[in-house]
Structure formats: structure tokens, C-alpha cells
Amino acid sequence: SHGNKEVFSCRGILLAVQWFWDRGHKDITVFVPSWRKEQPRPDVLITDQHILRDLEKKKILVFTPSRRVGGKRVVCYDDRFIVKLAHESDGVVVSNDTYRDLQSERPEWKRFIEERLLMYSFVNDK
């Protein structure tokens, strides 16, 4: 949401990571689809891609798998990666996604999502 739904703002990810880091949270994992590493297209704008590589080097960011089949991009369902890791590590999910479909997949995930989902808003860079 940092890019106002016009661009994918890598700076927004960095701002969120920094916000939690400054408050003493050091076990932070960011999941981003691997196709975000590709050259941006006019219809899929992305800013400050170098931030993704920097966060990956620091072992904060993990790229979820994707591939091309017959010229089309095939992506994994990264929501499952997010909820599974957060549940296993007794963490918190920071997202505006409600993960409604995953709530019905496993009873323990339903309760976890209800109690451990932290939604957010950006006001400029805050």
C-alpha cells in the first residue's frame, strides 16, 4: 500500500521492517514473489528493487518460487508460506490480506489468523 496501488514500493517494505526492528523485533521474514526481481513492465511498476536484494542478503527477505511455462508466469501460493511460518514460529502476520481461504484449510490456522493478523496503513512514510 506504500505505492498507493500504482507501484510496488520496495521502500514500503523497508519502512515496515525498520519499524519492527527499531522496536526490538529481530526475527523478521518478508516474503515476496520471485518475479518481483524481474525487469519491471509498464503495467507492473516497481520502485527501488535494490532494496529487495539488500534485504535478501541480510536474510530478512525470502523470494517465493515462480516460473514460466509456455510464456506464462506460474506463481506459488505464497499466503501459505506466510501463515505456516508465522504459526510455527509463534509470530505475527503483518498484512492487509484476511487469508479467508486459509482459515478454512486448518482449524489451528483459523484461530491463529484471527488473533495474530496485524493490518496496517501508510501515511506517507509512516
Worksheet, complete the sentence: Along the range 63-72, Karplus-curve 3J(HN,Hα) (6.51, -1.76, 1.60; θ = phi - 60°) to the nearest Hz, with x for Gly and Pro, reads 8, 7, x, 7, 8, 10, 10, x, x, 10
Worksheet item: By accessible area of protein heavy atoms, probe 1.4 Å, what ranking do Val93, Val44 get, highest first?
Response: Val44, Val93
Item to complete: Round to the nearest 10 and report in Å² the accessible area of Lys72, as given by a 1.4 Å probe over the protein chains' heavy atoms.
Response: 140 Å²
Worksheet, complete the sentence: With all protein chains in place and a 1.4 Å probe, Glu114 shows an accessible area in Å² (nearest 10) of 110 Å²
Worksheet entry | Taking the C-alpha atoms of the range 77-125, convex hull volume expressed per residue in Å³ | 84 Å³
Worksheet entry | Options (i) 68; (ii) 53; (iii) 49 - which one matches percent of Cα pairs over 20 Å apart as calculated here | (iii)
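With a 1.4 Å probe and all protein chains in place, put Val32, Val123, Val75 in order of accessible area, largest first. Working shown, then result.
On the way: Val32 5, Val123 100, Val75 80 Å².
Accessible-area ranking of Val32, Val123, Val75, largest first: Val123, Val75, Val32.
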Worksheet, complete the sentence: Rounded to 0.05, the calculated FRET efficiency for the beta carbons of His25 and Lys59 at R₀ = 22 Å is 0.90
Discussion item. With a 1.4 Å probe and all protein chains kept in place, how do Trp35, Trp109 rank by accessible area, largest first?
Written reply: Trp35, Trp109
Worksheet item: Percent of accessible area on the chain owned by carbon and sulfur, 1.4 Å probe?
Response: 52 percent
Discussion item. Tell me the per residue accessible area of the chain using a 1.4 Å probe; a whole number in Å² is fine.
Written reply: 70 Å²
Practice prompt. Pull up the cross-link candidates among the lysines for Lys26, meaning alpha carbon to alpha carbon under 30 Å and not fewer than 8 places away within one chain.
Written response: Lys5, Lys37, Lys57, Lys58, Lys59, Lys84, Lys110, Lys126
Practice prompt. Please sort through the DSSP H helices of the chain and keep those with an alpha-carbon extent of at least 24 Å along the long axis and a Kyte-Doolittle average not below 1.6.
Written response: none
Worksheet item: Roughly what % antiparallel, to the nearest 5, for the DSSP beta bridges in the range 22-110?
Response: 55 percent
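The values are calculated or read from the model by the stated rules, or taken from the named source; none is laboratory data. Remember, predicted model here, so these are calculated numbers, not experimental data. Heads up, the Cβs are rebuilt from the backbone with ideal geometry, glycines too, and the neighbour counts pull from every protein chain shown. The area values use the complete protein model at the heavy-atom level, side chains included, leaving out ligands, DNA and RNA. Shrake-Rupley method; radii C 1.70, N 1.55, O 1.52, S 1.80 Å.
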